[in-house]
Amino acid sequence: MLGRVNARSVVVAWGLVVAWVSVVVACSPEAKPPVAGALEVPPMPAGWAPPREVEVDAAPAPPAIPDRPLSYDEALAIAKAQPPVDAGPKMSDRELSEPLRGAKFVGDCGAPHATQVRVRLVVHDGHAFGVGVDTHPKSPAVTACIEDAIRALTWPKTPHYDVFTTQY
């Protein structure tokens, strides 16, 4: 690829071509003595214009990450917008579920024994990047407590955005 070409480069190139042609013609055995003003520059092709330098737009920046706890849906949208990472394997479901094993936090948050809990999370850099908790029957206080408890857990640090869902 030639890279950027500007008008001055094109003019210099044409000047070199004209000079070379002049030397070749002047040194040929059939050459006649030069006549003043006889050197003609070949015409430019019809519709030719010097190329313009074109700036290429950079790839769009990933969305900004808010400075507050993220919901699962917000974190998933941010994770999907990030460029791919080729830095080792993603975490397995077993590794993602390990800090959640036993779900002691469900009882500690006052959820009745019959409460069904669904946890959706995005893990990034060793922490819960985004958390979504649904309880049935609905209990905003229990849901908020479980979300806070999950945000306090840690996972192995990786640059990936790992997604996991589990139910209790």
Practice problem: Give the residue from Leu76, Val106, Leu121 lying farthest towards the positive end of the charge dipole for the stretch 58-134; charges sit on Cβ (+1 for Lys and Arg, -1 for Asp and Glu) and the dipole is referred to the Cα centre. | Solution: Val106
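Which length gain, in nm to one decimal place, applies between Thr166 and Val17 when the Cα-Cα distance is subtracted from 0.36 nm times their residue separation?
Details: separation 149, 0.36 × 149 = 53.64 nm, distance 7.25 nm.
Length gained between Thr166 and Val17: 46.4 nm.
A short reminder: the numbers here are calculations on the coordinates, not readings from a lab. Not measured: the values here are computed from a predicted model. Reconstructed Cβ throughout: ideal geometry from the backbone, glycine too, with neighbour counts over all protein chains shown.
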